[in-house]
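Q: Sending over a structure as structure tokens; questions will come in a sec.
The values are calculated or read from the model by the stated rules, or taken from the named source; none is laboratory data. What you see is a predicted model, and the numbers here were worked out from it, not measured in a lab. Positions of Cβ are backbone-derived with ideal geometry, glycine not excepted, and every protein chain shown enters the neighbour counts.
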Amino acid sequence: MSDPAIPHFPMKTALRAIAATSFLLASAFGKGAPVLNGQTADDVQAQTADEDVRRVSREMIEAAMAEQAALGYNLLASTNSTRFETGVLLAIVRSAMAEDAEGPPLLLHHVDWYEAYRSVMELEHQDVPEYIALAHEYGQDRIIDFHPARTTIEIKEGFEPKQVVRVKVGWPDDPETPDRYTFTDTTTSPNLRITNRRRISYWLLDYGDFIVQDEIDGVQGRPLGGSLGTLFSIVGDGSAKQNRIAIAEDGLVVTYATAKKGPFKVQPLTLTYPDGTVETEFPPDRHDLLQLTYRIKLPLEVKYPKERSD
């Protein structure tokens, strides 16, 4: 029985808007962060407790981005940011592990990320897409950890991934900087208001034929305007929790996301085309997409190591 406090909306309209919300929440990691005046690599190291970090060279980041560019999908589209970022991170992890499989966490500095992207895409500053420009403008750094002692997981249900990576994004605890920030993505329909907290984190699991971002923390959002905007004003902002993507041979991306809004959980299935267009309806007679859908919707339950508190 439906909750009498929740107004009724046409199912197709609601599904499209919810799909856009949860998909774009999962894609929000490529967006910006608050201005960090004078932030240095040492500031970001504080996020890894007493562990040292190693700054990844701009050349390594550029090489990983060039691999993604060679795949032919639109790197200018923010809706491709999840595919782009996870692809780059995993390529960097593979390179780092070839040198030292038990190496320290890796720091991807925002300046190196931005300049590597501009070089690969051959863009002037004014032509850089917003989701890349904001990350540079506000100083969004990434820390990725692949050390077995810190990324050993227990599979309760499902398959063992080929690679496990802990990803953290954030800025130092500073009374002069806010503990969260909000921006509006106007490239989506409906437009989406996204809030990032001081600490964003997730587990990145690579299964070879699909990728999982799990236990996502620190990202919230809601659609603005329209019928679903009214719904979210009642149940509150939705929080991204999990994102699974699988890529077909022709570059279409099947995404199975999980987001929570108030006491409700939604798990829409979407299809992203190489140009960045997102649809909730799949083309007929694409049995390969059905197979990918079956694969990424298989039950998965993982027990992750506890974070250390220092």
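Q: Take the residues in the range 234-244 that are surrounded by fewer than 23 Cβ atoms within 10 Å (Cβ to Cβ) and in a strand (DSSP E or B); name whichever of them is modelled with the lowest pLDDT.
A: Our first condition is that a residue be surrounded by fewer than 23 Cβ atoms within 10 Å (Cβ to Cβ); within the range 234-244, this holds for 234-237, 239, 241-242.
Add one more test, that the residue is in a strand (DSSP E or B), and what stays is 239, 241-242.
On the way: Ser239: 76, Lys241: 87, Gln242: 91.
Filtering the range 234-244 for residues that are surrounded by fewer than 23 Cβ atoms within 10 Å (Cβ to Cβ) and in a strand (DSSP E or B), the one modelled with the lowest pLDDT comes out as Ser239.
Q: Looking at the range 128-164 only, could you name the residues that are under 21 Å from the mean Cα position of the chain (by Cα) and among the basic types (Lys, Arg)?
A: Once the filter is applied, which keeps residues that are under 21 Å from the mean Cα position of the chain (by Cα) and among the basic types (Lys, Arg), the range 128-164 yields Arg142, Arg150, Lys162.
Q: Can I ask one more? Considering the range 97-138 alone, what residues qualify as being of a type in the set (A, V, I, L, M, F, W, C) and in contact with a strand residue (DSSP E or B) (Cβ under 6 Å, 6 or more places away or on another chain)?
A: Passing the criteria: Leu106, Leu107, Leu108.
Q: Is it true that Ser27 is crowded, with 22+ Cβ neighbours inside 10 Å, in contact with a strand residue (DSSP E or B) (Cβ under 7 Å, 6 or more places away or on another chain), modelled with pLDDT under 90 and among the polar types (S, T, N, Q)?
A: Considered against the rule, which asks whether it is crowded, with 22+ Cβ neighbours inside 10 Å, in contact with a strand residue (DSSP E or B) (Cβ under 7 Å, 6 or more places away or on another chain), modelled with pLDDT under 90 and among the polar types (S, T, N, Q), Ser27 comes out as no.
Q: Could you run through the range 137-156 and say how many residues are closer than 27 Å to Leu205 by Cα, surrounded by fewer than 19 Cβ atoms within 10 Å (Cβ to Cβ) and either in contact with a Pro (Cβ under 6 Å, 6 or more places away or on another chain) or not polar (S, T, N, Q) (or both)?
A: Adding up the residues that qualify gives 8.
Q: For residues in the range 75-127 being surrounded by 16 or more Cβ atoms within 10 Å (Cβ to Cβ) and polar (S, T, N, Q), which is nearest to the chain's Cα centre (by Cα)?
A: Thr82
Q: Can you spot a residue in the range 98-108 that is outside any loop (DSSP other than H, G, I, E, B) and farther than 30 Å from Pro178 by Cα?
A: For the range 98-108, residues outside any loop (DSSP other than H, G, I, E, B) and farther than 30 Å from Pro178 by Cα: present.
Q: Right, next: If Ala149 satisfies all but one of (1) among the hydrophobic types (A, V, I, L, M, F, W, C); (2) assigned to a helix (DSSP H, G or I); (3) under 17 Å from Ala64 (Cβ atoms), what's the number of the condition it fails?
A: Answer for Ala149: the failing condition is (3).
Q: Find the residue count for the range 248-304, including only residues that are part of a strand (DSSP E or B) and either modelled with pLDDT of 95 or more or touching a Ser or Thr at 6+ places or on another chain (Cβ under 8 Å) (or both).
A: Within the range 248-304, residues that are part of a strand (DSSP E or B) and either modelled with pLDDT of 95 or more or touching a Ser or Thr at 6+ places or on another chain (Cβ under 8 Å) (or both) number 20.
Q: Can you go through Leu224, Leu192, Leu228 and tell me which one is farther than 19 Å from Ser81 by Cβ, hydrophobic (A, V, I, L, M, F, W, C), surrounded by 18 or more Cβ atoms within 10 Å (Cβ to Cβ) and modelled with pLDDT under 70?
A: After ruling out the rest, the residue left standing is Leu228.
Q: Next up: Out of the residues in the range 57-104 that are modelled with pLDDT of 95 or more and of a type in the set (Asp, Glu), state the one that is farthest from Tyr202 (Cα to Cα).
A: Glu59
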